[in-house]
Amino acid sequence: MWNNGNFANRLRVGLSSNEETPFAPFALDNNVNLRGVGILVDRGTGSIVYNTEYRHTVYDKKWLAIQTNVFADIGAWRNPGGKLNDFIEKDNLKIFSGLGLRFISKKIYNATFRIDYGFRVFDNKNNSNGGIVFGIGQYF
């Protein structure tokens, strides 16, 4: 199993000035931090996001490789004008998990087309039950 797979992790932490504004710099969405959460769900002045996934190669030939993946994405936000303890409040915690496919062209450098389906494990505000995410390039 481990000969054809790899385990990847990413931790992103960001803080900005804590002004109360509807245009806070950190956005919660599918393409940047939590797969399955939706398009531009929330904004904050701080974020802590942990992404982890296992990618397994199921097809590998001269010009194309296909990988499957299993992932979990966990994130917490500080609301604009909020306090640092916003990160540990369950209203600001979101956990999504899911499955995906990667189609990797070996003829075009770094050309990866990805399809992921994320579903809600924990999201206290019930913003999303999950969804499909399409993208180009590895998620991280």
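The values are calculated or read from the model by the stated rules, or taken from the named source; none is laboratory data. Since the structure is predicted, the reported quantities are computational estimates derived from the model, not experimental observations. Positions of Cβ are backbone-derived with ideal geometry, glycine not excepted, and every protein chain shown enters the neighbour counts.
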Exercise. Check Lys90 against each of (1) basic (Lys, Arg); (2) modelled with pLDDT under 90; (3) under 15 Å from the mean Cα position of the chain (by Cα) and name the one condition it does not meet.
Key: (3)
Quiz item: Could you say whether any residue in the range 119-140 is assigned to a strand (DSSP E or B), of a type in the set (A, V, I, L, M), modelled with pLDDT under 95 and buried (at least 16 other Cβ atoms within 10 Å of the Cβ)?
Solution: yes
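State whether one or more residues within the range 97-116 are of a type in the set (Phe, Trp, Tyr), modelled with pLDDT of 90 or more and closer than 15 Å to Leu34 by Cα.
In the first step, residues of the range 97-116 are kept if they are of a type in the set (Phe, Trp, Tyr); the result is 103, 109, 113.
Now narrow it down to the ones that are modelled with pLDDT of 90 or more: 103, 113.
Then keep just the ones that are closer than 15 Å to Leu34 by Cα; that gives none.
Checked against the condition, which is being of a type in the set (Phe, Trp, Tyr), modelled with pLDDT of 90 or more and closer than 15 Å to Leu34 by Cα, the range 97-116 yields no hits at all.
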